[in-house]
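Chemist: Right, I'll just put the structure down here and ask away after.
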Amino acid sequence: MPGERYFAVRDRLSELLGWIGDLADEVGLEEEADHPAPTLSQPILIAAIGEVNAGKSSLLNALAGAEICPAGSLPMTSEVRLYRHGADSDQERQALLYECRRPHDYLRNFDLLDTPGTNSKTNGHAEVAEPFVEHADLVLVVFTAENPWTAATWDAVSRLSPEALARTALVVQRIDLKQPQDIPIILGHMRDLSLKRVGQVLPIFPVAARPALEAKLAESGSPELRSASRFSDFEHFISERICESMDRRQLLHDAWHHASRTLRRLESRFDVQRRGMEDDSYFLAGIEHEMEELRDSVLGSAPKSLVAALGRFRIEVDVVVRSLRSRLGWWRSLARLFTGDGTAAEIEATFAARMQEVAIGFGMDDAARLVDACMEHWEGVRPRVKERMGFEPGICSVAGEERDGVIERFVARLEKAVPRALSSLRVRGVLDPELRRRNASLKGFTAIGLLFAIGAGACGTFGMQDLALMLLAVAGLVFVLATVTGWITRARIVAGYRERLLAGATTFADGLKADHGEAIRLLFQEYSHSLIEVRRQLASEKAALQPRMERSNSLYIALKSVELDL
Ligand SMILES: Nc1nc2c(ncn2[C@@H]2O[C@H](COP(=O)(O)OP(=O)(O)O)[C@@H](O)[C@H]2O)c(=O)[nH]1
Ligand SMILES: [Mg+2]
């Protein structure tokens, strides 16, 4: 095929341009208005004009190496036909103009314009063909060797514009019908006529298209037929003049520069993106740092908020102490002398349950306060992320539906710490011995009082009135003593227990401190998940950039290798 080298470079370049274009599209790099991408794939248009039966269609077929245009001794077409690459189809583009698609390789690079003939009976086709002929890369004016001086064709030649003439060649077809010695004479005539009609000698090629096509179709390539067709010079001319013309070379150069320019722009875009990502990472680190600072300041003030919880501790101590006091009242103490005493265990259990409640209440309040602080901070972060990174980072990860769960986990953590904090108070088992001792002494008093009372009864029965009265008085005295003792021990035990519990307030707070701090840390860890979208976005941008930079690099290397072929 003529211009093979040109087409090879062109195809390689247009492939590279395609890939570079894909990459540019992917990253949204816009085409520069003043540097449009050159269209490389535009096929070369070859137009054939000349008389009916001159051998135009056969000439185009011989170029293509296939029977594309119908050829025959009878006029085969009365319309202008533009043959282009594509799946088989014939479409009437306008009156007397058909666009015919054929799946032939040659047509990938060449559009062929076949015309009915300068002397065709049909009117109007010359006007249809004219714009194509004027813009064709190559105008072939076909004469038959038997009669190369037909006036209609020479008229058509002299009507061509100077620009079209510069792209025109004369083809003397069917030279196989002539004796070899006649050819130079015919060519001499042609030169004279050319000079006379258009004021210059146009390139002239004597060829025999039919044997040329046969040679191309023959499996052996048939060198004899080929040399008889004298097609080599003609095709060489097409390669040199059309495919490898300065214009075409310029087009390749333009395309190459466009490609390298686009690659450079891509590279600087990637550079900007890379730097932007670095800034984004820095920005993200800044926000993470803010979150840490917020956490640390909360951790710093955590002991204070625990002390606030001590207010409730005191109230609870009072409640427990009140209940202890009422249990140590006269009647209940007396009743317990006969039923056995579980007061110590009950009071301790009540105290533990109360403390559990204190921890839960405090945990709920504290967690809600922290979640609110996080939400407030996040509301400040969101617009900054949007402005900086151009997307909405979503809601705060400890707010909304998550809020309850976050608070629950915070409380659970504190709740778990309560038994340990209580055991560090060392108040378990302190009540029991004291109450036991008190019960024992009350029991003693009661027993003695009852003995005296029984003695008094016996004396009364046996008529010893005085002794009976005396014993009864002693019994009364013993009961009074028991009451006083009960009263004193109650006050002492209650006050002692209260003091002991109150003294444990700070110990209790200390026992909670570590777990409280841990709960705060966990809450902030959950809060930092708010940034997950931002982190993901940044990571995916980074992940996308790396292979693109690599693609751009390899495209650059490929482009450099094409430069050598330009
Ligand atoms: N001997 C010979 N005949 C040819 C050659 N080229 C074309 N012809 C014949 O000339 C006639 C007209 O050819 P065609 O290509 O249809 O001419 P068109 O009307 O100008 O398109 C056909 O019968 C072809 O077979 C050739 O190189 N040698
Ligand atoms: Mg024809």
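Bear in mind that the values in this text are calculations on the coordinates, not laboratory data. In this text the structure is predicted, and so the values were computed from the model without any measurement. Backbone-built Cβ (ideal geometry, glycine too); neighbour counts: all protein chains shown.
Chemist: How big is the gap, in Å, between the Cα center of the range 132-157 and the Cα center of the range 199-250?
Modeler: That distance is 17 Å.
Chemist: From the helices alone, meaning DSSP H stretches of at least four residues, give me the mean residue ellipticity at 222 nm for the chain, per-run term -39500 (n - 2.57), in deg cm²/dmol to the nearest 500.
Modeler: So the calculated ellipticity at 222 nm is -24000 deg cm²/dmol.
Chemist: At a 10 Å Cβ-Cβ cut-off, how would you order D114, D192, fewest neighbours first?
Modeler: Listed from fewest to most nearby Cβ atoms, that is D192, D114.
Chemist: Can you put H289, H189, H85 in order, fewest other beta carbons within 10 Å first?
Modeler: Details: H289 10, H189 13, H85 16.
Ascending Cβ contact count within 10 Å gives the list H289, H189, H85.
Chemist: Counting only Cα atoms, I'd like the Rg/Rh figure for the range 42-244, Kirkwood definition for Rh.
Modeler: 0.94
Chemist: Filter the chymotrypsin sites (Phe, Trp or Tyr not before Pro) in the range 383-462 to those in DSSP coil with at most 11 other Cβ atoms within 10 Å of their Cβ, and list the result.
Modeler: Numbers: sites: F391, F410, F445, F452, F462; in loops: F391, F462.
Answer by residue number: F391, F462.
Chemist: Taking the C-alpha atoms of the range 421-465, how large are the radius of gyration and the largest Cα-Cα span, Dmax, in Å?
Modeler: 20.0, 66
Chemist: Of the options P162, Y556, Y83, report the single residue whose Cα projects farthest towards the positive end of the charge dipole of the chain (beta-carbon charges: Lys, Arg +1; Asp, Glu -1).
Modeler: Looking along the dipole axis, the top candidate is Y556.
Chemist: Which number comes out as Rg/Rh for the chain once both Rg and the Kirkwood Rh are worked out on C-alpha atoms?
Modeler: Computed over Cα atoms, the ratio is 1.58.
Chemist: Using the count of nearby Cβ atoms within 10 Å as a rough guide to exposure, how do V27, V157, V52 rank from fewest to most?
Modeler: Working: V27 14, V157 22, V52 19.
Ordered from fewest to most neighbouring Cβ atoms within 10 Å, V27, V157, V52 come out as V27, V52, V157.
Chemist: Mean projection of the alpha-carbon convex hull of the range 336-407 over all orientations, in nm²?
Modeler: Numbers: hull surface 24.9 nm².
Approximately 6.2 nm², given one-decimal rounding.
Chemist: Set Lys and Arg Cβ to +1 and Asp and Glu Cβ to -1, take the dipole of the range 65-158 about its Cα centre, and tell me which of V128, T115, C100 lies farthest positive.
Modeler: Final value for the positive-end residue is C100.
Chemist: Here's another thing I want to ask about it. Straight distance only, please: which lysines reach the Cα of K216 with their own Cα at less than 27 Å, same-chain residues fewer than 8 apart left out?
Modeler: K56, K178
Chemist: Moving to a separate point now. Please determine, in degrees from 0 to 90 and to the nearest 10, the orientation of helix 4-26 with respect to the longest principal axis defined by the Cα atoms of the chain, where the helix direction is its Cα long axis.
Modeler: 20 degrees
Chemist: Moving to a separate point now. Please compute the Kirkwood hydrodynamic radius of the range 503-551 from all pairs of different C-alpha atoms, in Å with one decimal.
Modeler: 14.2 Å
Chemist: Let me ask another. Taking N as the number of residues in the range 172-287, what is its alpha-carbon radius of gyration divided by 2.2 N^0.38 Å?
Modeler: Working: Rg = 28.6 Å, N = 116, 2.2 N^0.38 = 13.4 Å.
So the Cα radius of gyration is 2.14 times the expected 2.2 N^0.38 Å.
Chemist: Does anyone have the angle between helix 532-565 and the longest principal axis of the chain? Alpha-carbon axes, 0 to 90°, nearest 10?
Modeler: 20 degrees
Chemist: So for the range 431-503, taking the charge dipole from beta-carbon charges (+1 Lys/Arg, -1 Asp/Glu), which of S441, A503, F479 sits furthest toward the positive end?
Modeler: Going by the Cα projections, it comes out as A503.
Chemist: Anything over 26 Å Cα to Cα? Flag those among K304/K416; K386/K513; K304/K386, in the order listed.
Modeler: K386/K513; K304/K386
Chemist: Right, next: Give me log10 I(q)/I(0) at q = 0.11, 0.20, 0.21, 0.25 Å⁻¹ for the range 133-233, Debye formula, one equal scatterer per alpha-carbon, no solvent.
Modeler: Here log10 of I(q) over I(0) equals -0.35, -0.98, -1.05, -1.28.
Chemist: Normalised by the number of residues in the chain, what is the relative contact order in percent for Cα pairs under 8 Å and 6+ residues apart?
Modeler: On the way: 706 pairs, mean separation 84.8, N = 566.
It comes to 15 percent, rounded to a whole number.
Chemist: While we're here: With a cap of 10 neighbouring Cβ atoms within 10 Å, and only residues DSSP puts in a loop, list the GluC sites (Glu not before Pro) found in the range 176-265. Let's see the in-between values first.
Modeler: Values: sites: E214, E219, E224, E235, E240, E244; in loops: E219, E244.
Taking the range 176-265 and a limit of 10 other Cβ atoms within 10 Å, the loop GluC sites (Glu not before Pro) found are E219.
Chemist: Cα atoms only: what Rg and Dmax, in Å, come out for the range 431-503?
Modeler: 16.9, 60
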